[in-house]
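Beneath this line is the structure, given in structure tokens, with notes to follow.
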Amino acid sequence: MEVGRIKEMTRHPVKSMTGEKVQHTKVMPYGLYGDRSHVLLDEKESFLTITQFADLVQYRASFSGSESLDAYPEPQIVTPNGQKYMWSDLEWLKEIESKSLRQLSRKSYHPEHVPIGPIEEEHLLIVTDASLQSLSQSWGQDVDDRRFRPNLEINLFEKTPFVEKEWVGKFLRIGEEVILEVVKPCERCMIITVDPADGTKQPGLLKKLVKEQNNVFGVYARVIQKGEISTGDRVFVTEQ
């Protein structure tokens, strides 16, 4: 059954930084090309995330060149005050170290493989426009989709909020090539309370999700068949 079209696609070249919206990309075995392919590690070799350093969401990361399977184009980092650096520069890293009071190192993975860890529990996170609209109405203000860090936002033909939870155990066929298995709802944490625009915290959003949606929003999907994907691609829900 055709349920909608791909409205937006977002990848996060650096884990926990705000990512970039793309019109066309590859779906790799681990998810969207380059998603969470670069990470920051603290002294204990743990990932630095918004949970430990909320201001990280105000740093924006995007790839500075065309996609390649041999090596990633170098990410560009934009700091909260608008300064632009490359991943290899030290200035932005020293700034984050100073603000977070941590000694950090950088690590990147190969375009063919990003493991679970930098990628969250599954390869892709999917939300729908109807669910975002419903939550905005319930909360009384527009909800920035970046709070939820989705990879795919689906524009549904029938605007049924939270219908994506009914897709668990089913498959999504997207465009001509890509097949995903929807494996489970996404349980949320404090990260959604951090406004990506200014880093302020609004705990009421998480409380609302806990009360009204059993603390889940969006669904995780596993890549079954990789391929090319574009905004506007048709999305079908199938049993197999």
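Express in whole angstrom the spacing between the alpha-carbon centres of segment 142-217 and segment 64-96. Between the Cα centre of segment 142-217 and that of segment 64-96, the gap is 27 Å.
Straight-line cross-link reach from Lys208 at under 17 Å between alpha-carbon atoms covers these aspartates and glutamates, not counting any fewer than eight positions away in the same chain: Asp142, Asp144, Asp145, Glu187, Asp195. Think of it as helices only: each DSSP H run of n ≥ 4 in the chain is worth -39500 (n - 2.57), and spread over all residues that comes to -4000 deg cm²/dmol at 222 nm. Taking Cα atoms only, the orientation of helix 91-100 departs from the longest principal axis of the chain by about 80 degrees. Axis of helix 129-139 versus longest Cα principal axis of the chain: the two differ by about 70°, to the nearest ten degrees.
With an a/c value of 1.5 or above and a/b not larger than b/c for the gyration tensor axes a ≥ b ≥ c computed over the alpha-carbon atoms, the chain is described as oblate. The alpha carbons of segment 1-57 occupy a box of 48, 23, 20 Å along the principal axes, longest dimension given first.
Which pairs in the list Lys84/Lys226; Lys7/Lys184; Lys170/Lys207; Lys7/Lys201; Lys170/Lys211 are over 31 Å apart, alpha-carbon to alpha-carbon? Listed pairs above 31 Å: Lys84/Lys226. Taking the charge dipole of the chain about its Cα centre, with +1 at Lys and Arg Cβ atoms and -1 at Asp and Glu Cβ atoms, the residue from Met17, Ile77, Val114 reaching farthest to the positive side is Met17. Computed as a quarter of the hull surface, the mean projected area of the alpha carbon convex hull for segment 110-182 stands at 6.3 nm². Entry note, the chain: relative contact order of 28 percent, from Cα contacts under 8 Å with a spacing of 6+ residues. Compared with the dominant Cα axis of the chain, that is its longest principal axis, helix 204-213 is turned about 30°.
On the accessible surface of segment 134-205, probed at 1.4 Å, how many percent belong to carbon and sulfur atoms? So the carbon and sulfur contribution to the accessible surface is 45 percent.
Shown here is the pair-distance distribution of segment 1-132: with all Cα-Cα distances grouped in 5 Å bins from zero up to the longest one, the shares run 2, 10, 20, 23, 19, 14, 8, 3, 1, 1, 0 percent. Of the residues Ser108, Ser46, Ser230, which exhibits the maximal mean-square fluctuation in a Gaussian network model of the chain defined by a 10 Å Cα contact cut-off? In the Gaussian network model the winner is Ser46. Projecting the Cα atoms of Val178, Thr51, Tyr30 onto the charge dipole of the chain (Cβ charges, centred on the Cα centre) puts Thr51 farthest toward the positive pole. Panel values: segment 155-240, Kirkwood radius from alpha carbon pairs, Stokes-Einstein at 25 °C and 0.890 mPa s, translational diffusion coefficient 167 µm²/s. Looking at segment 173-215, what % of the alpha carbon pairs are farther apart than 18 Å? Looking at segment 173-215, the distances longer than 18 Å represent 49 percent of pairs. Entry comment: accessible area of the chain is 46 Å² per residue, from protein heavy atoms only and a probe of 1.4 Å. For Lys211 and Phe157, the difference between the fully extended length at 0.36 nm per residue and the C-alpha to C-alpha distance is 16.7 nm.
Short-range pairs are left out: with C-alpha atoms under 8 Å and at least six residues apart, the relative contact order of segment 157-199 is 28 percent. Structural descriptor for segment 1-101: relative contact order 21 percent, calculated from alpha carbon pairs under 8 angstrom and at least 6 residues apart.
Report the label-to-label distance for Lys184 and Glu239 in nanometres (one decimal), using points 7 Å from each Cα along the Cα→Cβ vector. So the label points at Lys184 and Glu239 sit 2.5 nm apart. The charge dipole of the chain, taken about its Cα centre with unit charges on the Cβ of Lys, Arg, Asp and Glu (plus for the first two, minus for the last two), comes to roughly 500 debye.
The values are calculated or read from the model by the stated rules, or taken from the named source; none is laboratory data. Just so it is clear, the structure is predicted and the values come from calculations on it, not from any experiment. Ideal geometry is used to build each Cβ from the backbone, glycine not excepted, and the neighbour counts take in all protein chains shown. Accessible surface areas use protein heavy atoms only, side chains included; no ligands, DNA or RNA. Shrake-Rupley method; radii C 1.70, N 1.55, O 1.52, S 1.80 Å.
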